[in-house]
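The values are calculated or read from the model by the stated rules, or taken from the named source; none is laboratory data. Remember, predicted model here, so these are calculated numbers, not experimental data. In this analysis, Cβ positions are derived from the backbone assuming ideal geometry, glycine residues included, and neighbour counts consider all displayed protein chains.
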Amino acid sequence: MSETQVNPVHPPRTAPTPATSETPDAAALDAADPLAGLRDRFVLDDDTVYLDGNSLGALPAGVPARLADVVAREWGELRIRSWTESGWWTAPERVGDRIAPLVGAAPGQVVVGDSTGVNIFKALVAAVRMAGEGREEILVDGDTFPTDGYLAASVARMTGRELRRVPAAAIADAAGPRTAVALVNHVDYRTGELYDAAAVTDRLHAAGALVVLDLCHSAGALPVRLDDDGVDLAVGCGYKYLNGGPGAPAFLYIRAGHQPRFDSPLPGWNSHADPFAMTEEHVPAPGVARGRVGTPDILSMLALEAALEVWEGVDIAEVRAKSLALTDFFLARVAETLPAGTVTPVTPREHERRGSQVSLRHPAAREVMAELIRRGVIGDFRAPDLLRFGFTPLYTSFADVDRAVRVLAEVLADLPAGSSYGPGA
């Protein structure tokens, strides 16, 4: 149904629904926001509400000029000399050290390169090898992102281990003397539920198992404490809350104490102790560099490095406080603007269990999201019935949230009556 058509049962709203006295005014919240000025560090437009930073972060304003220089000068003029003169060779560790504070890691434990999936594969195989004989089981969240599950199954086949899928909340209890490693999500990609990484890690360690933590939906959105929580290995992507661009390289965390025993299943020339010796035998490099494989993807790597400059001077605790305030505001406005029962929030309301997204269940989620996008509110859909909205505190405003809820109300009111998914169905 177009915006000009009228649904006689549920007519479209002709004016925005004002905030009630129970919910603070969006303008007042934005005026008091200590992070509001960071929005200017991104390329955004006033015609769109962008709530999909949990899938692809917005473009940081400094990235285009940096990439232009990389292409025109470093590649175009210096050419091969840039491996040394422009620091291309050391970029994986250098960019890793820029990410490290955002995930609670000391320098020298994060290396950037390859995709999330490749890094999960490296981490799982290395963990199985570190666990040793008698540890015949790999645990994985039964509702994890498909790639994680596919890779865990592949690693189990390749290493002769058994894969056991269990609910995320039961992983810690499921570990036993046969468990080698558990692949654990910090935040559920569908629901936005946040899990207690410290508690899960402690309990898995008590069972003698290692932990590989997937940070794809938490790095850059909330505090992560890999060192303090004792996490063994972790993987995260560069293109969501870190805003590194489409296909940005991922990162791999290898706890310092594990680095001498990290036996990568992909021992490329870049992870060799002497890469240019070109020897037949692979001798792993010392430190986190043994997590590298082949030649780094320099254009994407340096785009991510430039993107990370937006974090200069930013307190991750303030990021978390704003994330919770944004999602609280969204949930409150949904509750007071939409008729009761129209949508069902599936994201936990408790702050300690909530990431930086809110997912709403609606039987016509696919159609609703398509219409939201057409009207300038960008979220995403996950089958079969979830509307996902990601809140990136560096650039999402409370006015954005207020507008998104108003447009959502209009879209839901415009659903055709009597259809398989609309009012009266």
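Here are the numbers for this structure:
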{"item": "Residue in region 314-321 that is in a loop (DSSP other than H, G, I, E, B) and either modelled with pLDDT of 95 or more or in contact with a Lys or Arg (Cβ under 8 Å, 6 or more places away or on another chain) (or both) present", "result": "yes"}
{"item": "Residues located in region 280-322, provided they are at positive phi and touching a residue at least 40 places away in the same chain (Cβ under 8 Å)", "result": "G287"}
{"item": "Test: residue in region 63-83 that is under 21 Å from the mean Cα position of the chain (by Cα) and surrounded by 14 or more Cβ atoms within 10 Å (Cβ to Cβ)", "result": "yes"}
{"item": "Residue match in region 190-197 (condition: outside any loop (DSSP other than H, G, I, E, B) and farther than 27 Å from D52 by Cβ)", "result": "no"}
{"item": "Residue in region 263-279 that is of a type in the set (F, W, Y), in contact (Cβ under 8 Å) with a residue 60 or more places away in the chain and either crowded, with 20+ Cβ neighbours inside 10 Å or farther than 21 Å from V112 by Cβ (or both) present", "result": "no"}
{"item": "Matching entry among G192, G132 (being at pLDDT below 95 and either on the phi > 0 side of the Ramachandran plot or in contact with a Leu (Cβ under 9 Å, 6 or more places away or on another chain) (or both))", "result": "G132"}
{"item": "Top-ranked residue of region 160-171 - restricted to ones that are crowded, with 18+ Cβ neighbours inside 10 Å and either under 22 Å from the mean Cα position of the chain (by Cα) or polar (S, T, N, Q) (or both), ranked as nearest to A127 (Cα to Cα)", "result": "I171"}
{"item": "Candidate set: region 253-311, residues that are of a type in the set (F, W, Y) and either part of a helix (DSSP H, G or I) or in contact with a Phe, Trp or Tyr (Cβ under 7 Å, 6 or more places away or on another chain) (or both); chosen: the one nearest to R225 (Cα to Cα)", "result": "W311"}
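Let's see how each residue does on (1) surrounded by fewer than 24 Cβ atoms within 10 Å (Cβ to Cβ); (2) closer than 13 Å to C216 by Cβ; (3) among the charged types (D, E, K, R); (4) outside the structural domain of E162 (by TED's automatic domain parsing):
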residue	(1), (2), (3), (4)
V112	no, no, no, no
S115	yes, yes, no, no
F121	yes, no, no, no
A127	no, no, no, no
M130	yes, no, no, no
G134	yes, no, no, no
E137	yes, no, yes, no
G142	yes, no, no, no
G149	yes, no, no, no
